[in-house]
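One structure is given here, and the rest of the page talks about it.
A short reminder: the numbers here are calculations on the coordinates, not readings from a lab. Treat the numbers as computed from the prediction; the structure is a model and nothing was measured. Quick reminder, even Gly has a Cβ in these numbers, built from the backbone with ideal geometry, and neighbours come from all protein chains shown.
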Amino acid sequence: MSPRRSSSFRTISLLMLLPVGGLLLFFAVRFVRQQFANVKQSPPQRIEEASVVAPPRAAPKKSVAKTHHGGAIVVILDDVGFDHQPLAGAMRIDPNVNFAVLPNGARSQEFARELNANGFELLCHLPMEPENPRQSPGANAVMTTMTDAQIEATTRANVEAIPHARGVNNHMGSRATSDRRVMTRVLSALPKGLYFIDSRTAGTSLAAAVARELNIRTASRSVFLDDVQKEDAIRIQLAALVAAAESHGMAIGIGHMYPETVRVLAAEAPALRSRGFRFLRASEVVN
């Protein structure tokens, strides 16, 4: 083969190899780019998985907020049964407000029937002897000078005077509730199933302790709402009741059928309910 023809053959061979080499180079570059792209995509995949794991860590906060409630509040309004009391306004506070009706009130039986017809829980507000002899608990009160038989008869008569009563709490009674004999006779005379709320008008009261000894359901007052009959003072006491309910899960507040007390409770009850506080009947908390 002549040198000229050999050179032409090499040239033609090289020209034929160029497309093949170019094709190989194209696939090699494409392969490298794909591998590099896969490496760059890996971190977003890990971030996405992390975001899926994150919500369970936040879930406990959500569930606590959803199930949290402020506590249970028992409100008992005492001294029901007299003219000019704001009964209609008191019934608008909350369906679970409790009313303690005095057996010796001029309109006690009338109010008891009206409250019962509207679904409210009633207590007999039992008049009992105070420490101060100048204070009068009213007619037919339980006195420490009475015999056992007299105490029992007086207690039964007072309870029977309040139709539909589900429990009893003491009206005054700082002297009587501190006397074990008197409280034993009072509690023994209660019709079966009635509970006793100790208003705790004296720090020396034995009422709840004796009730437990006799297996009578009982509970004790936490806060008096209206010793000072002014709205600002009542709000302060209501705040103390709310704090007690928050701390202990339940608290009992006792107030009276004063217009100021009813106004404060009616104004504050919706806000308390929105904060998660529940109003309960006295029969739900005694044990």
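The residues neighbouring PRO95, those whose beta-carbon lies less than 13 Å from its own, together hold a net charge of +1 under the Lys/Arg +1, Asp/Glu -1 convention. In plain terms, the residue of ILE162, ILE254 with the fewest other Cβ atoms within 10 Å comes first and the most crowded comes last, giving ILE254, ILE162.
Considering only C-alpha atoms, what is the centroid distance from region 139-216 to region 249-274, in Å? The distance from the Cα centre of region 139-216 to that of region 249-274 comes to 26 Å. Extension gain for the segment ALA271 to HIS248, taken as residue separation times 0.36 nm less the Cα-Cα distance, is 6.3 nm to one decimal. Evaluated with a Cβ-only charge set (Lys, Arg +1; Asp, Glu -1), region 148-196 carries a dipole of roughly 120 debye about its Cα centre, given to the nearest 20. In this label model, PHE82 and GLU110 are separated by 1.6 nm, measuring between points 7 Å along each Cα→Cβ vector. Taking Cα centre as origin and charging only the Cβ of basic (Lys, Arg, +1) and acidic (Asp, Glu, -1) residues, the dipole magnitude of region 133-287 rounds to 260 debye.
Shape index of region 146-282: Rg/Rh, with Rg the Cα radius of gyration and Rh the Kirkwood radius from the inverse mean 1/r over Cα pairs, equals 1.01.
Among MET172, MET146, the ranking by other beta carbons within 10 Å of each residue's beta carbon, starting with the fewest, stands as MET146, MET172.
For VAL159, the shell of other residues with beta-carbons less than 13 Å away shows a net charge of +1, using +1 for Lys and Arg and -1 for Asp and Glu. Packing here is the average count of other Cβ atoms within 10 Å per residue, and on that basis the peptides 188-194, 79-85, highest first, run 79-85, 188-194. Comparing ALA202, SER247, PHE111 along the charge dipole axis of region 71-284, the residue lying farthest to the positive side is SER247, per the Cβ-charge model. Applying 1/(1 + (r/R0)^6) with r as the Cβ-Cβ distance of MET143 and THR204 and R0 = 25 angstrom yields a FRET efficiency of 0.90.
Only Cα pairs under 8 Å and 6+ residues apart enter the sum, and on that basis the relative contact order of region 135-277 stands at 17 percent.
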